[in-house]
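Okay, so here's the structure we're looking at.
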Amino acid sequence: LRGILIVAIVCFVVATLLNIRISYSIIHPLNRMVAIVEQNGNADFSQSIPKKLLKRRDEIGTLAVSMERMQGDIRGLFQDILGEAGTMDHDVEISNEKIQMLSDKITTVSGLTQERAAEMEETAAGTEGMMRNTDSILESISSIKQDTLHGTEVAEGISLRAENLKKNA
């Protein structure tokens, strides 16, 4: 009875130790995977999956391999995004240069337009002066015409009086 009791206690202690060892071999890797998943959830992909977990042939090993593949895909995606961002930065720089060139050309065109506007104002002022001169000339011609008509009337009157004097003489 005593031997059976000792064997039972030894078996119980061995079973308990094996249970603790098996539990530790499951819980510890799961805790490591949970910590890595939490880091990934915070967009920190710097910690890699331990090789020991990747070599396991159970569900934890499958989970570790899947997490490593996911991390690699996400890292690749981030690298693509960073590459595209660099390309976009370059494209923005080129666009800014072209916008600056366009702004310079617009400034030049604006200056030329202002010059042409000033020239057109001068031309308009000259045309207005010519119109005033033309009006003045027309007034002078009208005045000369009236003076000529008056002179013609006076000359006809003199001619008539001369005729009358001739007849009377």
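Average accessible surface for segment 1-126: 81 Å² per residue, computed with a 1.4 Å probe over protein heavy atoms with every protein chain in place. Note on the chain: with a GNM built from Cα contacts shorter than 10 Å, the maximum mean-square fluctuation among GLY61, GLY151, GLY72 falls on GLY151. Placing R0 at 25 angstrom, the Cβ-Cβ distance between ASN164 and ILE144 gives a FRET efficiency of 0.25 after rounding to 0.05. Between 0 and 90 degrees, the angle of helix 2-41 with respect to the longest Cα principal axis of the chain falls at about 10 degrees.
Each of (i) 1.98; (ii) 1.06; (iii) 1.01 is a candidate for Rg/Rh (Cα atoms, Kirkwood Rh); the one calculated from this structure is (i).
At an R0 of 45 angstrom, the distance between the Cβ atoms of LEU30 and SER103 translates into a FRET efficiency of 0.15.
Hey, what's the per residue convex hull volume over the C-alpha atoms of segment 98-169, in cubic angstrom?
On the way: hull volume 3.6 nm³, N = 72.
Hull volume normalised by residue count: 50 Å³.
Below 8 Å between Cα atoms, with a sequence gap of 6+, how large is the relative contact order for the chain in percent? Intermediate results must be reported in sequence, preceding the final value.
Values: 26 pairs, mean separation 16.8, N = 169.
It rounds to 10 percent for the chain.
Relative to the dominant Cα principal axis of the chain, helix 59-168 is inclined by about 10°.
The values are calculated or read from the model by the stated rules, or taken from the named source; none is laboratory data. No experiment lies behind these values; they were computed from the predicted model shown. So basically every Cβ, Gly included, is an ideal-geometry build from the backbone, and we count neighbours across all protein chains shown. Just the protein is used for accessible areas: all its heavy atoms, side chains included, with ligands, DNA and RNA removed. Shrake-Rupley method; radii C 1.70, N 1.55, O 1.52, S 1.80 Å.
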